[in-house]
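I am attaching a structure below and will ask some questions about it afterwards.
Rule-based calculations on the coordinates, nothing more; no lab input. Just so you know, these numbers come straight off a predicted model, no measurement behind them. Here Cβ is always computed from backbone atoms with ideal geometry, including for glycine, and neighbour counts include all displayed protein chains.
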C-alpha cells in the first residue's frame, strides 16, 4: 500500500512539474515555408522577418518575449509533416504559420487538431481548409481559392472579357483555384474554352501557351504562383500573347512575381491581392520598416505573417494563457486591426473575412520607381470576397 501511494505521489509530482514547466515556457511560433525555391520571394525569409517584427512589437507575452523558429520544407509534403510533428511534439511550438503548399497545410491542420495546437495559414489557398477540412484550431489568414477565383474573374467578365482559357499549376492549389474561377466565369455569363496543367517549377511554358493562344480566348487565366507565374508571363510576352489581343489574369499574384517579370511584360496584368505596400500611410510605414531589413517591399503573404502573429499574440495576452482553445476564442472575439486589416473577422470556420483589392499592373511609363507597380481598379468588400460561411461544408457550422 505504501509503495502504491508513493508511486501515485511521484507520478502526480512528475505530472505537475511537467505541466508547470510547459506553462512557463515562452510562446513559440514556427514559420514553415519555402526558403529556396519558387515561393521563397513571396514568403521565405520575408515571412520570418515579418513574424519577428510582430514579436518585437508585442513586447513581453505572459511575462516573456515570444520566440520565432523557422524551417524550409523543401517543397516536400513529407518533409513538412515531419518538421511540424517535431515542432508540436518535441519543441513546444504553439502555432505554425506560412505553409505555401495546400496539401501540406491540410495535413498540418489535422495534426494541429489532434494535438490541440494552432495553425494560422498565411500562404496556402485551398478553400477546403475552411470548408470540409476545417478544424477549430486552424485559420486561413490571407486569401483562398474562392476569393482569388471570384474576385478578378467577375470584374473582368463584367467588362466584356468573357471567354477564358486556364493554365494551372498541377497541384491542390492550382486545380482548386481553376475550379473556383471556372465556376465564377460561368456564373457571370462567360465561357471557359479549356485548360491545361503545368508541373510546379516548370521551366518551359511554350506548349501550354500555344494551346492557350489557339483557343482564341480573350483572357488567359493563370492559376500559378511565385516564380512559376513570372516564367509563364515572361514567356507569354515572348510569344506575343498581349500583342495578339489576349490578356493575362494572374489569379494568384504576389508583388515579387511582378518584380521578377518586369513592367514591360507585366503591364496591364490584372491581379487580386489582400495587401499592397503603397495603399496608405500605415502600409507605407510597415513597408519602410520591412525594407530596411530586407531591401525590398513586402508581399501580401509577408504582410499576413505579421498580421497573424500580431493578432495571435494580442489574443494570448487577452486570454492570459497559451491554451489553444482559449486563445482561438479570443482571436475570434477581437476584431483584426492592423495595417492590412480593417475590422476583419476570424469566423468560426477559420476564414478571416477581409477585403480584397483588384489591381492593374502599371506600364513602365506610369511607374515612378521599383516596387511602384499597381494601380487600384476596385475594392471587393469582405462579404463578397469570402465564401458564405454556410456554403463551404465546414462541420463546425450548424446546418440550416
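Taking the inverse of the average 1/r across all pairs of different Cα atoms in the chain, what Kirkwood radius in Å do you get?
Numbers: mean 1/r = 0.0461 Å⁻¹.
Computed over Cα pairs of the chain, the Kirkwood hydrodynamic radius comes out at 21.7 Å.
Do me a favour and compute the ellipsoid semi-axes for the range 173-303 from its Cα gyration tensor, root of five times each eigenvalue, largest one first, whole Å. Working shown, then result.
On the way: eigenvalues 159, 56, 36 Å².
Over the Cα atoms of the range 173-303, the ellipsoid semi-axes are 28, 17, 13 Å.
When the convex hull of the C-alpha atoms of the range 69-163 is computed, what volume per residue in Å³ does it have?
Numbers: hull volume 10.3 nm³, N = 95.
Hull volume normalised by residue count: 108 Å³.
As a test of the formula, what do you get for the chain when each DSSP H run with n ≥ 4 contributes -39,500 (n - 2.57) and the sum is divided by the residue count, at 222 nm and rounded to the nearest 500 deg cm²/dmol?
Numbers: 14 runs with 178 residues, N = 400.
The per-residue figure over the chain is -14000 deg cm²/dmol.
Starting with the highest mean, order 269-275, 68-74 by the number of other Cβ atoms within 10 Å, averaged over the residues of each peptide.
Values: 269-275: 26.6, 68-74: 19.1.
Final packing ranking: 269-275, 68-74.
Please give the peptides 41-54, 194-207, 311-324, 90-103 ranked by average Cβ packing (other Cβ atoms within 10 Å per residue), highest first, as a rough proxy for protection.
On the way: 41-54: 25.1, 194-207: 15.4, 311-324: 19.4, 90-103: 23.3.
By packing density, highest mean first, the sequence is 41-54, 90-103, 311-324, 194-207.
So what is the relative contact order for the range 113-235, in percent, with contacts set as C-alpha pairs under 8 Å and at least six apart? Don't skip to the answer; put the middle values down first.
Details: 191 pairs, mean separation 30.9, N = 123.
In percent, rounded to a whole number, it is 25.
Additional query: Starting with the highest mean, order 340-346, 166-172, 59-65 by the number of other Cβ atoms within 10 Å, averaged over the residues of each peptide. Walk me through the numbers on the way to the answer.
Working: 340-346: 19.3, 166-172: 22.3, 59-65: 12.1.
Ranked from most to least packed, the peptides come out as 166-172, 340-346, 59-65.
Express in whole angstrom the spacing between the alpha-carbon centres of the range 273-309 and the range 329-400.
15
Ok, one more. Give me D for the range 320-400 in µm² s⁻¹, whole number, from Stokes-Einstein with Rh from the Kirkwood sum over alpha-carbon pairs, 10 °C and 1.306 mPa s.
Working: Rh = 15.5 Å.
Result for D is 102 µm²/s.
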